[in-house]
There are 2 protein chains.
Amino acid sequence: MLVDTGSCGRIPHACHHGRSENGCADCKVRLISVCSVLELDELEELEALSHHLTLDKGQALFGQDEPAGFVFNVIEGALRLTRLLPDGRRHVMGFALPGDFLGLALQERHSVSAEALGPVKTCRFARQDFAAVVETKPHLLRSLHERAGHELNLAQEQMLLLGRRTAEEKVATFLLSLRARYARAGHSSVTVELPMGRQDMADHLGLTIETVSRMLSRLDRAHAILLVPGGVRLLDLPRLEAMAAG
Amino acid sequence: MLVDTGSCGRIPHACHHGRSENGCADCKVRLISVCSVLELDELEELEALSHHLTLDKGQALFGQDEPAGFVFNVIEGALRLTRLLPDGRRHVMGFALPGDFLGLALQERHSVSAEALGPVKTCRFARQDFAAVVETKPHLLRSLHERAGHELNLAQEQMLLLGRRTAEEKVATFLLSLRARYARAGHSSVTVELPMGRQDMADHLGLTIETVSRMLSRLDRAHAILLVPGGVRLLDLPRLEAMAAG
DNA sequence: TGCCGCCCTTGCGCTGGATCAATGCACGGC
DNA sequence: GCCGTGCATTGATCCAGCGCAAGGGCGGCA
């Protein structure tokens, strides 16, 4: 068994005996996570500080503005990263997928909350421990920094999208970028799984749930996509790309 | 004279003799720039690689997707950071003010273009040179990374703003955040200078120039602000903050 | 001093997406 | 099998912000 199942803590829980049989070396996401820049001996060092942690659908990994006691590698599943406005309006900053690192900036507090969209497996480190390791390994810091730069790029794309694109363009762009992310993680297919609900997409794209639904229906009717349970099949990539390009 | 004025290159230009008389040690923005984490001897090392560079209003410091040959500290003035959509729609990602570092992520290409909103003074480094120094100074990399984390936070705020706020909230939030930035740079006042035009604000907030103008007029009529040439006086901070809070 | 060009402001009608409301549909519990 | 609950779709109406067009103010320049 890969992870413990509840004998040693509250939910969400983590146990010292919760690691892969062969440890980080055969970790599913090693080659696409920050760990990819580490040598085997370094990996062992980090492994000694790590615990696996699983969440069920809907559980929160951490909350916005909460002290960041831990940082995480996502191993399996997807999470929703949200920010709240004082009055309750919500924005979904993005979705974390396997290989993503949560707590990239190593800041004292989490700037978003993270909730599981389905069953999730993560690899958890105490932030202090992780930061201490980073201090001794400049190449790990470089790797984090590169990822931060990448995140910044994505954030800029998203700002452009939110500020200057129409509802249809937003939805088309979202589907394509999700496909691209799955592809980078080795899951290449024209059928894109949508682990999040319509409301999450809406809150990610600055739209309402009704508009997202209408746009998906419209794309379906136009045979650009095919709506399937739990996801979408992208039928006419060139057309979608034309929409996304604007 | 602090900088050269055109005897040694095309515009924009940089000259080896363009440094402050006493070098980085008495640099106006030293304490608020990335350089604040450096010791005096390190500062000298960096200074040897630096050149001052000035721009006039409207000149571009670099363009989107251009190879990032250089990175910059902004010393004086303000720049507009923009991204273009293939069809010409524009989004202003933000504005760079004194103390800001351009090229934070040390990536191979600039993800935005940077244009001077008025006379600008910068401190320029060849990216390779700067990256080489960073390699030898982990605390400098840490400082860059912290700034990247801060940028990421700002980007998230902006996404929330673009996706979920009304025109009035956007404008109020923008004015307050600009004030806060000036304050952090030591320029605290209820009169906020607006070095950018209405179109730039509009493209930053995901609005049209007309809507920005209308909202400013409305706030003025409501005595929440007072429009003055080249800027705005914030008359009713509590009210503005209430609007910004949503 | 007067003209020109640039930006900003304002009015007005239009529209994309929001809002409100009803219905459909899958899944779990009993 | 039947109902309840939560999510998705669809339709009808509304309205915030857009697009267009007409002024207005101001600085530069001859």
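Values for this structure:
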| quantity | calculated |
| --- | --- |
| Helical mean residue ellipticity (222 nm; -39500 (n - 2.57) per DSSP H run of 4+; nearest 500) of chain A | -12000 deg cm²/dmol |
| Kirkwood Rh, Cα atoms: Rg over Rh of the stretch A:172-225 | 0.98 |
| Relative compactness, chain B, computed as alpha-carbon Rg over 2.2 N^0.38 Å | 1.05 |
| Calculated FRET value between A:THR166 and B:ALA25, using beta carbons and R₀ = 60 Å, to 0.05 | 0.70 |
| Percent of Cα pairs exceeding the 16 Å cut-off, where the set is the stretch B:122-194 | 67 |
| Hypothetical label at B:GLN199: residues of the stretch B:205-246 whose amide nitrogen lies under 14 Å (7 Å Cα-Cβ projection) | B:208-210 |
| Label-point separation in nm, A:ALA126 to B:ASP87, each point 7 Å along Cα→Cβ | 5.4 |
| Chain A: angle of helix A:138-164 to the longest principal axis, Cα-based, in degrees nearest 10 | 20 |
| Local electrostatic count, A:ARG233, Cβ distance below 13 Å [Lys/Arg +1, Asp/Glu -1] | -2 |
| Values of log10 I(q)/I(0), in the order q = 0.11, 0.18 Å⁻¹, for the stretch A:13-157 under a Debye, Cα-only, solvent-free model | -0.39, -1.09 |
| Quarter of Cα convex hull surface for the protein assembly as shown, i.e. mean projection, nm² | 24.8 |
| Reach of B:LYS137 by Cα under 30 Å, taken over lysines that are not fewer than 8 positions away in the same chain | A:LYS137, B:LYS28, B:LYS121 |
| Formal net charge of residues neighbouring B:GLY99 (Cβ-Cβ distance under 11 Å; K, R +1; D, E -1) | +3 |
| Highest-MSF residue in chain A out of A:PRO229, A:PRO138, A:PRO67 [GNM, Cα springs under 10 Å] | A:PRO229 |
| The stretch B:204-233 and the stretch B:100-121: distance between their alpha carbon centers, rounded to Å | 27 |
| Rounded to 10°, Cα long-axis angle of helix B:209-221 versus longest principal axis of chain B | 60 |
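Laboratory data are not the source of any read-out in this text; all were calculated from the coordinates shown. Everything numeric here is computed off the predicted structure, so don't read it as measured data. All Cβ positions, even for glycine, are placed from backbone atoms using ideal geometry, and neighbour counts span all protein chains on display.
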